[in-house]
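The values are calculated or read from the model by the stated rules, or taken from the named source; none is laboratory data. Everything quoted here is computed from the prediction, not taken from an experiment. Note: ideal-geometry Cβ built from the backbone for every residue, glycine included; neighbour counts use all protein chains shown.
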Amino acid sequence: MSGRELAAALLTLLSPLAASAAEDTVPLPHGWLGTTSQWLQGLGLAFGLTNLVLLAIAWRNLRQSGLTPTVRGWLLVAVGLVPLMVAFMSFAHGLESSATVASCGSCHVMTPFVEDLHDPKSVTLAATHFKNRYIQEKHCYECHSDYGLTGTLSAKLAGLGHVWRYTTASYTLPITIAHPYSNTRCLECHGASQKFRNSPGHPKGEMPNLMAGTLSCLVCHGPAHPPQTQAASQ
Amino acid sequence: MTGRDARGGLLRLAILLTAIFDVMALVVLVRNRPIAFAIFMFLGQPLFLAAVIILGGAMLADLRAKDLL
């Protein structure tokens, strides 16, 4: 971990408010107290570090005086109660963070795609959505997961498969999407929009095909990402 | 090894397992990477569960040995 990352983590631990204010120049609402994720991270770190101290105390007391009622109390708190809080906060923070662009981009095979999102000159569909903030956050996740509970579950399972293939290097280049891209993911946001429904580019005759997915949105609006060969070779 | 020594050893094991779980959780909180989260989910949390089961078992055995239960 670099010094800067360590400082950011410590800042988050000490003050979610300060961390959130320092990283963003966009004005924040009056009374801003940070995001839920920042608080989960800060409190999780505080509980986690506290728990390590409690475990050390329990270990020392157990060695010195055996299993006395006092030691039972220390053990109950250090092994039973506080780790429950740590587990909850780490799980919630990890689940939230695993859907961010930074998380997707942490695997180097994804770097060209993430760089394209930030490229001011890029006109790909993904970059257009990212740069104009058509999607507020979790940009990769929003477009690559179906909505609803099953969409979240299948996206998480697919993500686990990605981690496995990346870690075991059992993937092939260029990276390609596992299944044909579903129109329903576009229509989740655009489907009910008047701009979409009344656009001359979406003739009424083609609307059933778009809704049924027999005509892919990407036929006209692609490419979503840079060409695969170019992305893989970068 | 007496029953008391065995219980002490098991409780120290529970503390160690919890400490390992705790470190994994801190890694997820400080530097979240998909691999770190996957390891935490599938290794860290079962370690914590094992620690809790060991703690419960050792404490019950101790209370029974002292005729308190």
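Close contacts from the stretch B:49-60, counting a first residue that is under 15 Å from residue A:73 (Cα atoms) and a second that is outside any helix (DSSP H, G or I) and not hydroxyl-bearing (Ser, Thr, Tyr), with Cβ to Cβ under 7 Å and a gap of 6+ residues or different chains, come to B:60/B:69. Within the stretch A:190-209, not a single residue is within 21 Å of residue A:117 (Cβ to Cβ) and in contact (Cβ under 8 Å) with a residue 40 or more places away in the chain.
So, restricting to helices (runs of 4 or more DSSP H) that lie completely within chain B, which ones have at least 3 residues that are exposed (fewer than 14 other Cβ atoms within 10 Å of the Cβ) and either at the interface with chain A (Cβ under 8 Å from one of its Cβ atoms) or at positive phi (or both)? Even if it seems obvious, please write down each step before you answer.
Working: elements: B:3-30, B:34-39, B:45-65.
Those helices (runs of 4 or more DSSP H) do not exist here; none qualify.
With the stretch A:141-234 as the region, which helices (runs of 4 or more DSSP H) entirely inside it contain at least 1 residues that are over 28 Å from residue B:37 (Cβ atoms)?
Per the criteria, A:183-190, A:194-197, A:207-212, A:218-221, A:228-233.
Summed over the stretch A:106-137, the residues that are surrounded by 18 or more Cβ atoms within 10 Å (Cβ to Cβ), within 14 Å of chain B (Cβ to nearest Cβ) and not hydrophobic (A, V, I, L, M, F, W, C) give a count of 1. Are any of the residues in the stretch A:52-62 modelled with pLDDT under 80, assigned to a helix (DSSP H, G or I) and of a type in the set (S, T, N, Q)? No, the stretch A:52-62 has no match at all. Do the conditions hold for residue A:159, that is, is it small (Gly, Ala, Ser), touching a residue at least 60 places away in the same chain (Cβ under 8 Å) and under 22 Å from residue A:140 (Cβ atoms)? In short, yes.
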